[in-house]
Structures are given as structure tokens and as C-alpha cells.
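As C-alpha cells, the structure follows; a few thoughts come after it.
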Amino acid sequence: MHCMILDRETPFDLEKTLSCGQVFRWKKNGGAWTGVIGDRVVTAMQDGSKLSWRGATEDEIVRYFSLDTDLPAILDAIDRDPVIHHAITRSEGLRIVRQPPWECLASYIIATFTNIPSIKRRIGLLCETFGDEISRSKEPWYSFPAAESLVKGRDRLPETCRLGYRAPYLLETADRVAADPAWAERVASCPYEEARAMLMNYKGVGRKVADCVLLFGFGRLCAVPVDVWIDRILRNYYLDEQPGALSYEYLRHFAQDYFGEYAGYAQEYLFSIREELKDGKNF
């Protein structure tokens, strides 16, 4: 096991980071979390300020969990009202991880209009069927399949991975990604709105998926995915609007204008206490 001691200037909560719905390939067993970073199986655990892990270098852990990000400065910037202040207090240490762009894009196409357990099952089947086995422990682990692997196995994907209507969307996007190795670099180099429009040209990528991919796969911390929970929280606590009165784009722009360049972090912290906020105004 490798380990590092996190000082007060580097708050981090492994549990909150991996259980807040941004990633789908980590599993908890006792106090340890196991998942895949790139083509490595990684097990991590935390005891207070001590973070321990095996299967990756320290640089890989720092990058993946964004431990090089000045989280206190980000939280200070978004701490603008009692609601977000409570979210920060309850979930301090939650960090947005840096996911590989293709894995993030494919995962969020699969994630449309379904729940997290179903997403995890489908992604697990996808990796088992088209990925490479990277661990032969009690439970086998697989790499996330490259777009080229999905293209080659296109006839098997709909039946084996239970993707339903999402299968042709994923395949068409995989075709384009496989034929365009520089796609991620171009998205990364564009201004936010232009990058968002580029992603929405892929099959199966609407506004919310594009915002998820920009936030979790490209580190665009101003991106605000507006799901049903964030929609409800913004209406009930910030806009006092009834359901159906405001569009996705209005809510997205409001959050970006109100919380600023780190609005994506505000979204994730509000999402982390969604159950506390679901029954109306408590602040």
C-alpha cells in the first residue's frame, strides 16, 4: 500500500467523492473502494487525513481525484447562501474526479433516463464483453473498451449489454470517435459553449450529457448538468418557480451566473444533499 497524509489545505473525502453519482465503476467492500483508473485496478481507503491505495502511482491518484485542485478556494467562491453553505459543510472534501473523455462520453450516453444501479450493470457488461481483462483476482476487472472495440463488435453490443435504444446511439458515436482520434483534443481546446455544441453533434448527446461530459471528462468546472434533482433545488431554493416554468437552458445559465466559474462544483455539492432538500425550503 502507498499512502499520503492530506493537510488541512487539501480536504478530501473518498467516500463522498466516489458515491455522489459522478463515476460508475467503483465498488465498496468494507472500508475500501476498488475501481479502474485507465488500465489499472486500484483499491483505495481513507482513515482521516491518511489516504492509502494500491495499483497506481501517486501522480495518477493526485490527478484522478483532483488533489492538485485548490478546493478551499473553489468552495469559498461558491459559498454564497445558506443552502450551498450547508451543502459545503455536509460534503466538504467531495472532489470532481478527472475521467478519461471517451469513457465519460460513452458512460453518460449509457446513463440517459435510467438509475445508477442499472447504469453500473450496463457499463459492467460493456467492459466485460469488449474490454481487456486487467485483473485475475477473485473478481475479474476489465478495462473500458476503446471505441474501436465497440465498432468491431457492433453486432453483439445490443444483445449482450442490454442498452436498449441507447445501443445505436453509442455505436454511431463510437464510429465517429474511432475515425477521429483527435476529437477529445479539439473539444478540450475550444471555449465552453463551442465545446458543448461539438459534443451535442454526437448521437445520444443532449444538453445534460454534454454538460456531464464537459464537467467530469474535460474539467470544465463551469458546466452545470441540470437533472431532475438540480432542477427542483434551483426552482425551490433559488428561483421560487413551479415545475415546467423554466427551461433547462435558463436554469443552466442562472446557476453559471450565480455561482460563477465553479458552478459545476456548486451543482455537485447541492446534488450531494439532494435528499435533505427534496421536501421544500429548510433554510
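The values are calculated or read from the model by the stated rules, or taken from the named source; none is laboratory data. Keep in mind that what you see is a predicted model, and the values were worked out from it rather than measured. Positions of Cβ are generated from backbone atoms using ideal geometry, with glycine treated the same way; all protein chains shown enter the neighbour counts. Accessible surface areas use protein heavy atoms only, side chains included; no ligands, DNA or RNA. Shrake-Rupley method; radii C 1.70, N 1.55, O 1.52, S 1.80 Å.
What percentage of the solvent-accessible surface of the chain, computed with a 1.4 Å probe over protein heavy atoms, is contributed by carbon and sulfur atoms?
Within the chain, the accessible surface is 48 percent carbon and sulfur.
With every protein chain present, what is the per residue accessible area of region 166-224 (1.4 Å probe, Å²)?
Roughly 40 Å² per residue, with all protein chains present.
FRET efficiency for Asp240 and Thr89, Cβ-Cβ distance as r, R0 = 22 Å, nearest 0.05?
Computed FRET efficiency for Asp240 and Thr89 comes out at 0.40.
Give me the extension gain from Arg232 to Arg80: residue separation times 0.36 nm, minus the current Cα-Cα distance, reported in nm with one decimal.
52.8 nm
Mind ranking 206-213, 250-257 by how tightly packed they are, going by the mean number of other C-beta atoms within 10 angstrom, highest first?
Taking the mean over residues of other Cβ atoms within 10 Å, the ranking is 206-213, 250-257.
State whether region 217-280 is rounded, prolate or oblate according to the following rule on the C-alpha gyration tensor (a ≥ b ≥ c being the square roots of its eigenvalues): a/c under 1.5 gives rounded; otherwise a/b larger than b/c gives prolate, and the remaining case gives oblate.
Judged from the Cα gyration tensor, region 217-280 comes out oblate (a/c at least 1.5, b/c at or above a/b).
Subtract the Cα-Cα distance of Ser19 and Asp39 from 0.36 nm times their separation in residues, and report this length gain in nm to one decimal.
5.1 nm
Would you please state which residues of region 11-40 a label at Thr57 would reach in this model, taking the label point 7 Å out along Cα→Cβ and a backbone N cut-off of under 17 Å?
Zone members listed by number: 37-40.
Taking every pair of alpha-carbon atoms in the chain, what share in percent sits in each 10 Å bin, from 0 to the bin with the longest distance?
6, 28, 35, 24, 7, 0
In cubic angstrom, how much convex hull volume per residue do the alpha carbon atoms of region 60-122 span?
So the per-residue hull volume is 132 Å³.
So how do 41-50, 91-100, 259-268 stack up, highest first, on mean other-Cβ count within 10 Å?
Most protected by this proxy first, the peptides run 259-268, 91-100, 41-50.
Can you check how the C-alpha radius of gyration of region 83-221 compares to 2.2 N^0.38 Å, as a plain ratio?
1.12
Work out the charge dipole of region 75-231 with +1 on the Cβ of Lys and Arg and -1 on the Cβ of Asp and Glu about the Cα centre, then indicate which of Thr129, Ile230, Met198 is farthest towards its positive end.
Most positive-ward Cα: Thr129.
Roll a 1.4 Å probe over the protein chains and send me the accessible area per residue for region 1-140 in Å².
That works out to 49 Å² per residue.
Compute the relative contact order of the chain as a whole-number percentage, counting only Cα pairs closer than 8 Å that sit 6 or more residues apart in sequence.
Normalised by residue count, the contact order of the chain is 19 percent.
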